[in-house]
Amino acid sequence: MNPYNLSLLFFAFCTFFISLLIWLKRQDKVGQIYFIFSIFVTIWGVGFSILINQNTSYLLALFSARVANAAAVMIPVTWFHFSLIFSDRVKKHFKLLRGLYLLAFALLIFSFSPLFVPDLHSVSSFAYFTHPGPMYHVFTAFFFLVIPLGFIQLFEKMKTLFGVEKYQSKGLMVSTAIGFMGGSLTFLPAYDIAFPQYGLFFMPIYPFAMAYFMIKQKLFDIEEIAQAAHRDKLAAIGILTASMTHEIKNPLYIIHGIAESYLANLEDGLYQNTDEIIAKSKMVIQKTIDQASRVIEIMKRFSNFTKSRISENALRGAVDLNELLEGILPLIQHDLDINKITFEKKVPKEIQSFLVDRYHMEEILFNLIVNASHALKDQDKDGRDFKKKIEVFVTEQKNTVSLIIQDNGPGIAPQKLPYIFEPFYTTKKEGMGLGLYVTKKLIEKNQGEISVNSKLKQGTSFFIKFKKQL
Amino acid sequence: MIDDEAGVVEMIQDHFSLRGYEVFTALDGQEGIEVCCEVKPDVILLDLKMKVMDGDKAVPFLREIVPTAKIFVISAYQDEITQKRIAGLAIDAYFEKPLTMLSIENKMYCSASHFKGSRSVINEPV
């Protein structure tokens, strides 16, 4: 054993356990791919540690070198894959990712052949070290090309983040950069460059830095996102409750009032005769039934909507957008009323059906209308007297149906516009900035697209496109 | 009685008519002003949020038409914006919905005596 071995073994085991912890904690694709990436890093670490141990026999050292290199072949591609999942760009770079995997598997096939590592040679203080074969050069090029690609993805993602999230992703990049730096230096002795391998001593910093960011800064902490989503939902429930309370108040007020009035009149002897008493009691009962039915209808509408917020997967079917909007309106009427916002919709009756999940569509429209209403909220503060307006248009093209949700609010600054669909990005006091992020995700689940157009002091328009059922 | 909820208007009308009050009704602020011009009521019960003209918009006109009338604003909203809207109004009292029939009667008397030191603002039953 030498300090290099110890440092590497320590690095390998910490990497494995920390990634396992992250995977168990997150239980999602990011955690899974990070764990897979870390397994290859661990195997490389153990293999390389055995290779550079002075007491290792030549045969064991050769075997370890080949195992380490076989694992190392998979490191760049799994790292790139992780960076794509982390930055939500798998779809965008899917072909590149597939190509890189194919290349990695091709290299893997050769990893135990003399074409990759023909034999070992002695470099500076190491008795045995990888002697590169022709395929090894391909691997070197592959490694130094793909690893930066992963960092570029993370860097691009980081640019869209703010606050704690930005700090977290910076932490992730710095920690992994330290790890890769140490690993990259091990290429040098293979090419007969006797560069001191002190970099290996820095490698254990990587799992510890990851652990630090994970525990202290909640990197990879899905609970943080869940809590934010929960707070956002509470804000939405607040709007719904206010509307519901207001809608229910009037019918209950009437039920209470007519019954009370009837009793008071009866006690005060204000009814002339039995016929009038019977007629009045019939009227009171009929009105009670009518108003109670109204309350039941309101409750049904709200309970349907809250149910809709539970469904995860899109169950797509044909929907009537007019009816859907009519159903949502009472849920936000209170919010619109207190902010004196006019709502208009132009939905052609004869729209060809397109497939969406009804409940997802309700949530999408609810979120966008509430979003517009919040944008309009403080609009009359500057003394301008104008009509605050939210409009929903639906238009039909050859293969698509487009929905436009438009407000004449303050608009979104051009520099903020690219980030509005990012999680936790918010320009308003209400909520946690997940509304538009969730909306976009729901639209994508239904194979739709969303885009935005905004002009300062003129307003914002969201465009949603769905493919028509052909 | 000015309220855009027909059920509420009807209920108030039924109750107070039977008790000898002459009740006139309107379903929005605009109509309310017209009716008040014609009948010059002693007490105006006014809903804050209506489709055509809101209660707070109607108050200055009503004050001009019937300066001596007691104006009571009723609203189902209890938020900050509503409180602000009401704060600057020349009204005699503000009631939050839901109010019971008896509490309307009581509150009308209480507020009337509080503001004028008398209970005679509401006409004696006709």
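Each reported figure results from applying straightforward, stated rules to the coordinates on display, with no laboratory input. Just so you know, these numbers come straight off a predicted model, no measurement behind them. Ideal geometry is used to build each Cβ from the backbone, glycine not excepted, and the neighbour counts take in all protein chains shown.
Brief remarks follow.
- Residue by residue along B:3-9, Cβ atoms of other protein chains within 10 Å of the local Cβ number 3 on average.
- For residues of A:83-94, the mean tally of beta carbons on other chains within 10 Å: 0
- 3J(HN,Hα) from dihedral phi, the range B:63-73, Karplus parametrisation 6.51/-1.76/1.60, rounded to Hz, x for glycine, proline: 4, 5, 5, 10, x, 8, 5, 8, 10, 10, 9
- Descending Cα extents along the principal axes, the range A:316-467, whole Å: 44, 29, 26
- Length, then width, then depth: along the principal axes, the Cα atoms of the protein assembly as shown run 118, 55, 49 Å.
- Ranked list, fewest to most other Cβ atoms within 10 Å of each Cβ, for A:Phe116, A:Phe10: A:Phe10, A:Phe116
- Hydrophobic, long helices, defined as DSSP H runs whose alpha-carbon span along the helix axis is 20 Å or greater and whose mean Kyte-Doolittle value is at least 0.5, occur in chain A at A:3-26, A:29-51, A:58-86, A:94-110, A:134-159, A:321-338.
- Which listed pairs, of A:Lys340/B:Lys70; A:Lys349/A:Lys465; A:Lys280/B:Lys97; A:Lys280/B:Lys40, have C-alpha distances above 21 Å, in listed order: A:Lys340/B:Lys70; A:Lys280/B:Lys97; A:Lys280/B:Lys40
- Spatially, the range B:64-88 and the range A:64-112 are offset by 70 Å when compared through their Cα centroids.
- Scattering profile of the range B:6-97 at q = 0.11 Å⁻¹ [log10 I(q)/I(0), Debye over alpha-carbon scatterers]: -0.29
- Simple Cβ-charge dipole of chain A, Lys/Arg +1 and Asp/Glu -1, about Cα centre, in debye nearest 20: 960 debye
- When the C-alpha to C-alpha distance is required to be over 18 Å, the pairs from A:Lys95/A:Lys468; A:Lys92/A:Lys440; A:Lys29/A:Lys166; A:Lys398/A:Lys441; A:Lys441/A:Lys467 that qualify are A:Lys95/A:Lys468; A:Lys29/A:Lys166; A:Lys398/A:Lys441.
- Convex hull volume of the C-alpha atoms in the range A:1-79, normalised per residue: 67 Å³.
- Enclosing the Cα atoms of the range A:227-308 in their convex hull gives a volume equal to 78 cubic angstrom per residue.
- By other beta-carbon atoms within 10 Å, ranking A:Thr56, A:Thr400, A:Thr130 with the fewest at the front produces A:Thr400, A:Thr56, A:Thr130.
- Helical mean residue ellipticity (222 nm; -39500 (n - 2.57) per DSSP H run of 4+; nearest 500) of the protein assembly as shown: -20000 deg cm²/dmol
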